[in-house]
Amino acid sequence: MTLFDLSLNEIHNRLHAKDLAVTDLVAQAFETINERDDRIQAYLTLDEEAAQRQAAALDKKIASGEARGLLFGLPAGIKDNIVTEGLRTTCASQFLRNYDPIYNATVMDKLQLADSVTLGKLNMDEFAMGGSNENSSFMPVRNPWNLDHVPGGSSGGSAAAVAAGEAYFTLGSDTGGSIRQPASYCGVVGLKPTYGLVSRFGLVAFASSLDQIGPITKNVEDSAYVLQAIAGYDEKDSTSAKVDIPDYISALTGDIKGLKIAVPSEYIGEGVDAAVKESIISALKVLESLGAEWEEVSLPYTEYAVATYYLLASSEASSNLARFDGVRYGVRAENPGNLLEMYHQSRSEGFGPEVKRRIMLGTYALSSGYYDAYYLKAQKVRTLIKQDFDNVFAKYDVIVGPTAPTTAFKLGSQVNDPLTMYLNDILTIPVSLAGVPAISVPCGFVSGLPVGMQIIGKAFDEQTVLRVAHAFEQNTDFHQQRPQL
Amino acid sequence: MTINIQDVEHVARLARLDLNQEEKEMFTAQLDAILKYAEKLNELDTENVEPTTHVLHVSNVMREDKVHESLPIEKVLRNAPDDEDGQFKVPAVLE
């Protein structure tokens, strides 16, 4: 039992009653990190001094009776592709191993307004490319449920830190499943908001038409609180959506009577582990017992999603990562003969194999003579995949299925086979291409490893997604299980 | 083979990457496999389908043409591998 097993309301009540100080919460976080992170390897950078300074300032607010933010005093870990002024931000890449950001991402400004405390920066696949965290150029993150298994990726550090009690909540980013899949593998709650709901300003870009920041938490209520704090229009992000932000917390009514659930046959068919499917069917029975109805539907273009995604995301990445040229920041190669050699050598030394692979794929797909065949074709298929979702959402409130086809696999078991690795994302990628919101919540265990249920909603209908997830959670205890560490 | 080693060398040049022989061979095989897999998309007739470049319907987002404060030069140069007189410094462009 640690302080992080308390609910947000319990923590806030105890802080209010001065029975607990924010400095205690931060001390608890570092105690757990010091005890466990050698094994988990979730953090790349920690700043205990700054965190304790922040905590002391918040304790003063309590003493003086000042207004408190929504996430008051909660210790948070931040994925290392979200820039934090004065706190090293590496994207888990050698290229940025010394990068000291000169501004804050908008989400960091919002967390500051909400009065959370930043503990440090979390490990990830290099530039968010990967689904296992084995592509971190520093060290792989381990799954807290079984250290021989991967935590998923790319936000593996963010998911593992919450599962191991090394942060009260974390922020991750999701391009093709990078919040939901690690949340599923680590038995925690991961929410990918609708594209455009949360500002991307200060998120180091991977694939700009897909990237989205979201919370990873130990339960759905916390997810609603963090989303409430970080959502909203930002003029610094030209793709930010001008929508009113509803009250996500009051959406957690527990009432899902009459809710219409679609279960795509493609999400429980071939390629999905039988035991994972069984967990999902049991979860659907729980939802049914609460008054929801479910039917099988078809999302016929699902099988084209992975190919579409890898062409589009890699193309966008090859363009976005052109900025890493060794001129303004990052690691420059030593003694290049001229400017062109400097670009070549700096990039070749700074990027790991998966990043190079995707830059190569994207550059090829965008190159003269191939653009129509690959990039434009993929954009057209993206339209068909999006229409799949529009068709189902005309009749149903949410779509439910597994988050990933299997539980967490063993470290090293797929590193030599990029294509197999890419197929782990087959159930999260279509959602990203459609731009709609989805949450992964714990719904079972197979051989001691967590299974996640994915609840997908209509664009900007995070309220329903959270309400369904919360109703399920209130009637199950999977989210209360903790790994033995 | 969709992809051969010359294609990989050409693309690496475009992407400003230097690859060693081992990397060239590995990427030739891997990109070939990935692109073969991607050919699956050709099963679909997309002749009359509009491409999706973006899921939200936004275009030409403009801000007001107002002067804002910019970042101070010392800050901007903080991460520069090399700088001189308030400017980024790079090796010679021409020999």
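The values are calculated or read from the model by the stated rules, or taken from the named source; none is laboratory data. The structure displayed is predicted, hence computed values, not measured ones. For neighbour counting, all protein chains shown are included, and Cβ atoms are generated from backbone atoms with ideal geometry for every residue, glycine included. Areas reflect the complete protein model, heavy atoms only, side chains present, ligands, DNA and RNA absent. Shrake-Rupley method; radii C 1.70, N 1.55, O 1.52, S 1.80 Å.
Structure data summary
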{"item": "Subset of the stretch A:408-434 [open to solvent by less than 30 Å² (accessible area, probe 1.4 Å), more than 10 Å from chain B (Cβ to nearest Cβ) and either in contact with a Leu (Cβ under 8 Å, 6 or more places away or on another chain) or not in a loop (DSSP other than H, G, I, E, B) (or both)]", "result": "A:Ala408, A:Met421, A:Ile429, A:Pro430, A:Val431"}
{"item": "B:Arg63 charged (D, E, K, R), part of a loop (DSSP other than H, G, I, E, B), free of Cβ contacts under 8 Å to residues at least 40 places away in the same chain and surrounded by fewer than 12 Cβ atoms within 10 Å (Cβ to Cβ)", "result": "yes"}
{"item": "Those residues of the stretch A:27-47 which are open to solvent by less than 70 Å² (accessible area, probe 1.4 Å), within 23 Å of the chain's Cα centre (by Cα) and not acidic (Asp, Glu), in sequence order", "result": "A:Ala29, A:Phe30, A:Thr32, A:Ile33, A:Arg36, A:Ile40, A:Gln41, A:Ala42, A:Tyr43, A:Leu44, A:Thr45"}
{"item": "Top-ranked residue in the stretch A:181-193 [being in contact with a helix residue (DSSP H, G or I) (Cβ under 8 Å, 6 or more places away or on another chain) and part of a helix (DSSP H, G or I); ranked as surrounded by the fewest Cβ atoms within 10 Å (Cβ to Cβ)]", "result": "A:Cys186"}
{"item": "Single residue of the stretch A:95-113 satisfying the filter (away from every other protein chain (no Cβ under 14 Å) and open to solvent by 10 Å² or more (accessible area, probe 1.4 Å)) that is nearest to A:Ser199 (Cα to Cα)", "result": "A:Thr106"}
{"item": "Candidates A:Gly337, A:Gly326, A:Gly330, filtered to the one that is small (Gly, Ala, Ser), open to solvent by 10 Å² or more (accessible area, probe 1.4 Å) and either closer than 19 Å to A:Ala205 by Cα or modelled with pLDDT of 95 or more (or both)", "result": "A:Gly330"}
{"item": "Selection from the stretch B:50-75 of residues that are among the aliphatic types (A, V, I, L, M) and at the interface with chain A (Cβ under 7 Å from one of its Cβ atoms)", "result": "B:Val55, B:Leu56, B:Val58, B:Val61, B:Leu71"}
{"item": "Total residues in the stretch A:373-397, condition facing chain B (nearest Cβ under 8 Å) and part of a loop (DSSP other than H, G, I, E, B)", "result": "0"}
{"item": "Subset tally (residues that are in a loop (DSSP other than H, G, I, E, B) and either of a type in the set (S, T, N, Q) or surrounded by 12 or more Cβ atoms within 10 Å (Cβ to Cβ) (or both)) for the stretch B:66-80", "result": "5"}
{"item": "Near pairs, Cβ below 6 angstrom, 6+ apart or cross-chain, from the stretch A:194-212 (open to solvent by 10 Å² or more (accessible area, probe 1.4 Å)) to any residue that is modelled with pLDDT of 95 or more and aromatic (Phe, Trp, Tyr)", "result": "none"}
{"item": "Test for A:Leu227: is it more than 14 Å from every other protein chain (Cβ to nearest Cβ), part of a helix (DSSP H, G or I) and either surrounded by 24 or more Cβ atoms within 10 Å (Cβ to Cβ) or among the aliphatic types (A, V, I, L, M) (or both)", "result": "yes"}
{"item": "Filter pass, A:Glu221 being open to solvent by 20 Å² or more (accessible area, probe 1.4 Å) and assigned to a helix (DSSP H, G or I)", "result": "yes"}
{"item": "Qualifying residue in the stretch B:81-89 (condition: in contact with a strand residue (DSSP E or B) (Cβ under 9 Å, 6 or more places away or on another chain), open to solvent by less than 70 Å² (accessible area, probe 1.4 Å) and not polar (S, T, N, Q))", "result": "yes"}
{"item": "Complete set of residues in the stretch A:327-366 that are more than 24 Å from A:Thr90 (Cα to Cα) and touching a Leu at 6+ places or on another chain (Cβ under 6 Å)", "result": "A:Ala365"}
{"item": "One residue from A:Glu288, A:Glu316 being within 30 Å of B:Leu17 (Cβ to Cβ) and of a type in the set (Asp, Glu)", "result": "A:Glu316"}
{"item": "The stretch A:398-407, subset aliphatic (A, V, I, L, M) and outside any loop (DSSP other than H, G, I, E, B), residue nearest to the other protein chains (Cβ to nearest Cβ)", "result": "A:Ile399"}
{"item": "Single unsatisfied condition, A:Tyr370 versus (1) of a type in the set (Ser, Thr, Tyr); (2) more than 14 Å from chain B (Cβ to nearest Cβ); (3) open to solvent by 10 Å² or more (accessible area, probe 1.4 Å); (4) touching a helix residue (DSSP H, G or I) at 6+ places or on another chain (Cβ under 7 Å)", "result": "(2)"}
{"item": "Residue match in the stretch A:4-14 (condition: at pLDDT below 95, of a type outside the set (A, V, I, L, M) and closer than 30 Å to A:Phe127 by Cβ)", "result": "yes"}
{"item": "Unmet requirement for A:Val286, which otherwise passes all of (1) surrounded by 15 or more Cβ atoms within 10 Å (Cβ to Cβ); (2) within 24 Å of the chain's Cα centre (by Cα)", "result": "(2)"}
{"item": "First in the stretch A:285-299 and without any contact (Cβ under 8 Å) to a residue 12 or more places away in the chain, second anywhere and not small (Gly, Ala, Ser), Cβ under 8 Å, 6 or more apart", "result": "A:Glu288/A:Trp294"}
{"item": "Criterion: open to solvent by less than 10 Å² (accessible area, probe 1.4 Å) and hydroxyl-bearing (Ser, Thr, Tyr) - qualifying residue of A:Ser64, A:Ser132", "result": "A:Ser132"}
{"item": "Filtered residues of the stretch B:16-49 (kept if within 7 Å of chain A (Cβ to nearest Cβ) and either out of contact with any Phe, Trp or Tyr (no Cβ under 9 Å at 6 or more places or on another chain) or in a helix (DSSP H, G or I) (or both))", "result": "B:Asp18, B:Phe27, B:Gln30, B:Leu31, B:Ala33, B:Ile34, B:Tyr37, B:Ala38, B:Lys40, B:Leu41, B:Thr46, B:Val49"}
{"item": "Residues located in the stretch A:246-268, provided they are surrounded by 12 or more Cβ atoms within 10 Å (Cβ to Cβ) and without any contact (Cβ under 8 Å) to a residue 40 or more places away in the chain", "result": "A:Ile249, A:Ser265, A:Glu266"}
{"item": "Lone unmet requirement of (1) open to solvent by less than 70 Å² (accessible area, probe 1.4 Å); (2) touching a helix residue (DSSP H, G or I) at 6+ places or on another chain (Cβ under 8 Å); (3) facing chain A (nearest Cβ under 9 Å) for B:Glu9", "result": "(3)"}
